[in-house]
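A.B. asks: Handing you this structure, nothing more for now.
The values are calculated or read from the model by the stated rules, or taken from the named source; none is laboratory data. Owing to the predicted nature of the structure, the values given are computational and were not obtained by experimental measurement. Glycine gets a Cβ as well: all are built from the backbone with ideal geometry, and neighbour counts include every protein chain shown. Heavy atoms of the whole protein, side chains included, go into the accessibility calculation; ligands, DNA and RNA do not. Shrake-Rupley method; radii C 1.70, N 1.55, O 1.52, S 1.80 Å.
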Amino acid sequence: MKNQIPFSFDVPTVTEITEKIKGLLEQNFRDILVEGEISNVNQSRNGHYYFTVKDDSAQLPCVIWRSTAQRIDVDIRDGQQVVLGGDLQVYAPHGRYQMIVSLLQQAGIGKLQQKFEELKKKLENEGLFSDAHKKPIPPFPIRVGVITSSTGAAFHDIKSTFEQRWPVATLYLHHASVQGLNAAPELVKAIEWFSSQQEPVDLLIIGRGGGSLEDLWPFNEEPVARAIFNCPIPTISAVGHEVDFSITDFVADARAATPTQAVVIAAPDINELRYMVDDYTGEMESVLQQKIQTYRDYVYRLANSHALLVVQEQLKFQKNRVGALLDQMDSRIDRTISDRRSRLQHLSSAIESANPRVVLQKWTESVTILSERLDNRYNRQLADKKTRLNKLISGLAEVNPKAPLERGFTRILQNGHWIRSSKDFDKSVSTEIEWNDGTTKIRS
């Protein structure tokens, strides 16, 4: 490069080259048609639509101005297969070309949707969606695995809902990307990891929040579907889209419309269980009392039967024995019921003590007390400062040299000095008499 000979001819600038390219493209690519699949649709504040039309090997940036969008009146969504008409334009500041769309027509089902339908039909024919392969969801899961993004909102929703409904469960999060090229392999790896553990979880939740068909596509990949089908753990698919289904929804043992609904399907409400336990306890106590009373009545009838007078003494003995046994049974039942109630109360107290509302109430009361103390201290200090200020004002008033003038006295001034003694008075010097409302000069 040191011996390089300088160019002996004019070298065009970037702007000049770009203008030549702009002229060639915009003159030769007018009123063109192109077919492809729409993706990355974005509408600006001004109402313009920016998106990309693509196929398997290339993509083309496109723009539909607001006036054109209003005129053609179409619903532009990701995954649509369309035919576009318009002109190519070069945007020089970014050095890129784009298509200014003036015509848009549907070209049939999008490629992703077509792939979805083909894979769905294939797996359904193989029996992966059959109810015969569905595993039952455990009624009281204690160890729950969650496969989703550790930075997304889905795990937060799942965790908070478990804390409210079923706080006894322990969650095990395995991070996996939920969109992009690496999402499907990471989802498969996470499923296989849970499947290979020596102490497997009771239940597995896999999913994410809502999104476009492209965003949700990893949950429509065949490897992910087969990994869920081969997983020995009951699985809930919780891909957050209310209307459409994903392939994982069909393969999984249960389908939830959102991550929050997955928790509702997976776990019972602990408060409802408390009510059920109380009801069952009351019913059991009532049934036992009825049976005891029935047996007591039966024994009483036997004891007073004329046909059994000869064995009355024996019946009395047996009656006493039965009474003792009944008392023991009552005592044992009472102790059992008491123990169960104490345990339930202990569990309820433990749950209540961990309730963030109780903690928040304690802190609120503490803040209130501290605020009252601060107000009292502030008022006391303010009163002390006011008292001190009034004392200083009174002291200043007492030494104020103008105070005698305000009471009607006067002062004699010579050469600007206050003459306090007759010895200091000089008759040859001009004199000033000062009143409260002014001064008067007296010539000597």
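A.B. asks: Where Lys and Arg each count +1 and Asp and Glu each count -1, what net charge lies around residue 323 among other residues with Cβ under 12 Å from its Cβ?
C.D. replies: Net of charged neighbours comes to +2.
A.B. asks: Quick check: the distance between the Cα centres of region 145-165 and region 335-364, to the nearest angstrom?
C.D. replies: First find each Cα centre; the distance between them is then 25 Å.
A.B. asks: From Cα pairs below 8 angstrom and at least 6 apart in sequence, can you work out the relative contact order of the chain, rounded to a whole percent?
C.D. replies: Once normalised by length, the contact order is 8 percent.
A.B. asks: Using per-residue counts of other Cβ atoms within 10 Å, averaged over each peptide, order 148-160, 325-337 from highest down.
C.D. replies: Most protected by this proxy first, the peptides run 148-160, 325-337.
A.B. asks: Considering only DSSP states other than H, G, I, E and B, which trypsin sites (Lys or Arg not before Pro) in region 80-145 qualify as loop sites with at most 15 other Cβ atoms within 10 Å?
C.D. replies: 134
A.B. asks: Additional query: Highest GNM mean-square fluctuation, the chain, Cα pairs closer than 10 Å: which of 202, 297, 131?
C.D. replies: Result for the chain, Cα springs under 10 Å: 297 fluctuates most.
A.B. asks: To the nearest Å, what is the center-to-center distance of region 411-439 and region 31-109, using C-alpha atoms only?
C.D. replies: That distance is 100 Å.
A.B. asks: Mean Kyte-Doolittle of at least -0.5 plus a Cα span of 15 Å or more along the axis: flag which DSSP H helices in the chain meet both, please.
C.D. replies: Sorted by number, the helices that extend far enough and score high enough are 14-28, 183-195.
A.B. asks: Here's a follow-up. Anyone know which of 190, 132, 176 comes out most mobile in the 10 Å Cα GNM of the chain?
C.D. replies: 132
A.B. asks: Further question on the same structure: Go through 154, 389, 176 and say which Cα lies farthest out towards the positive end of the charge dipole of the chain; charges sit on Cβ, +1 for Lys and Arg, -1 for Asp and Glu.
C.D. replies: The residue sitting farthest along the positive end of the dipole is 389.
A.B. asks: Then there is this: Structure shown: which of 22/115; 22/54; 54/135; 121/189; 120/159 lie over 29 Å apart, alpha-carbon to alpha-carbon?
C.D. replies: The answer is 22/115; 54/135; 120/159.
A.B. asks: What do the square roots of 5 times the Cα gyration tensor eigenvalues come to for the chain, in whole Å, largest first, as semi-axes of the equivalent ellipsoid?
C.D. replies: The answer is 77, 66, 19 Å, longest axis first.
A.B. asks: Take the solvent-accessible surface of the protein heavy atoms, probe 1.4 Å, and return the percent of it on the chain that carbon and sulfur atoms account for.
C.D. replies: Carbon and sulfur: 53 percent of the exposed surface of the chain.
A.B. asks: Summing +1 for each Lys or Arg and -1 for each Asp or Glu, what net charge is found among the other residues whose Cβ lies under 14 Å from the Cβ of residue 157?
C.D. replies: Taking every other residue near residue 157 into account, the sum is +2.
A.B. asks: Then there's this: What is the spin-label model distance, in nm, from residue 274 to residue 92 if the labels are put 7 Å beyond Cα along the C-beta direction?
C.D. replies: 7.3
A.B. asks: Then there's this: Rolling a 1.4 Å sphere over the protein heavy atoms, what is the accessible area per residue of the chain, to the nearest Å²?
C.D. replies: About 69 Å² of surface per residue is accessible.
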